[in-house]
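The values are calculated or read from the model by the stated rules, or taken from the named source; none is laboratory data. Keep in mind that this is a model prediction, so the values were computed, not measured. Note that each Cβ is placed from the backbone with ideal geometry, even for glycine, and that neighbours are counted across all protein chains shown. Protein only, heavy atoms only, side chains kept; ligands, DNA and RNA dropped before computing areas. Shrake-Rupley method; radii C 1.70, N 1.55, O 1.52, S 1.80 Å.
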Amino acid sequence: MSDVATAAPAAATPANYKSAVKPVWCPGCGDFSVLSAITKALAMIGKPAHQVGVVSGIGCSSRIPAYTSCYGFHGVHGRALAAATGLKMARPDLTVLVTGGDGDGYSIGGNHFLHACRRNVDLTYIVMDNHVYGMTKGQPSPTTEPDWDSKLAPGGTKIRVFHPLVVALAAGANFVARGFAGDPNGTAAVIAQAIRHPGFSFVEILSPCVTFRPEQKEWKSLVRPSPVGLTDDPVRAARLVMSDDGLNIGVLYAGNRPAYPIGEGQQHAPVTDLEAEFLV
Ligand SMILES: Cc1ncc(C[n+]2csc(CCOP(=O)(O)OP(=O)(O)O)c2C)c(N)n1
Ligand code: SF4
């Protein structure tokens, strides 16, 4: 037997999942570490890059697909989950990740977020939450603190924050976790767990915007492991995240809802039949 036939396949490394495109993020942006956590997680899963799709909307964080060697789709602001759902339905064999920011996912894309949780299609949604619109230079987002004073919102918005993890639990997401960009190894393990978990997995990652929210550099000394362990009871998980300060990290909820069935019992009419039905 030749050496080639007996050699074990080389183990995947994070470098296998990085593209040659150099990120244009500001030096120190948390998104660098999230990219690193994603490529580490993909190496843990070990699926080849051409069997992974990474879908995003628009924003600094939504640039992630270009920086991976996986198939990528850099779509329209707030519509990443809709595109990713279509991709997963058409190609259930692919592992599909969706990446973006708090503006993209909770504001313009908020409605898609609710229904993606409810549908429970087997996707992993990674939101880099910096509590601001970074790409468009610092407007408040749904997770911005009501008293955050800025040139664009003098005195703060006075609007209560959106609680993405509670919303995800209430809407039916099957896996809910919070990570921190400054902990790329821990975050990689959480993302790998999210990918392996069936159904819609939501991973919110605190990812500092050092340009428009430089005070977020302090998150490094403030984040801590969640005081409440992993549960399959959404009410228990929701109680923690409704009352915490947003800085507890870890996997909070892993549920047992069956993922949306793809292909089973579905009949697709030929396009010609559909066209005929709509002829006027
Ligand atoms: C339909 C539409 N509306 C508005 C914009 C402008 N826009 C581009 S990115 C963005 C917000 C980005 O913020 P976020 O999603 O939080 O990502 P970040 O840049 O902070 O990573 C906005 C409002 C757009 N591109 N398309
Ligand atoms: S503006 Fe903020 S989110 Fe965008 S690249 Fe710079 S630090 Fe990162």
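What the table shows:
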| read-out | value |
| --- | --- |
| The range 12-36, residues that are within 19 Å of Gly59 (Cα to Cα) and assigned to a helix (DSSP H, G or I) | Asp31, Phe32, Ser33, Val34, Leu35, Ser36 |
| Subset of the range 12-27 that is more than 16 Å from ligand 2 (Cβ to nearest atom) and not charged (D, E, K, R) - its residue that is least open to solvent (accessible area, probe 1.4 Å) | Tyr17 |
| When residues of the range 180-235 are limited to those that are hydroxyl-bearing (Ser, Thr, Tyr) and without any contact (Cβ under 8 Å) to a residue 40 or more places away in the chain, the one nearest to Cys117 (Cα to Cα) | Thr231 |
| Condition met for Cys60 (within 16 Å of ligand 2 (Cβ to nearest atom) and over 13 Å from the mean Cα position of the chain (by Cα)) | yes |
| Qualifying positions in the range 28-44 - open to solvent by less than 50 Å² (accessible area, probe 1.4 Å) and either of a type in the set (Asp, Glu) or away from ligand 1 (no atom under 14 Å from the Cβ) (or both) | Asp31, Ser36, Ala37, Ile38, Thr39, Ala41, Leu42, Ala43 |
| Test: residue in the range 193-210 that is touching a Gly at 6+ places or on another chain (Cβ under 7 Å), assigned to a helix (DSSP H, G or I) and closer than 21 Å to Ala238 by Cβ | no |
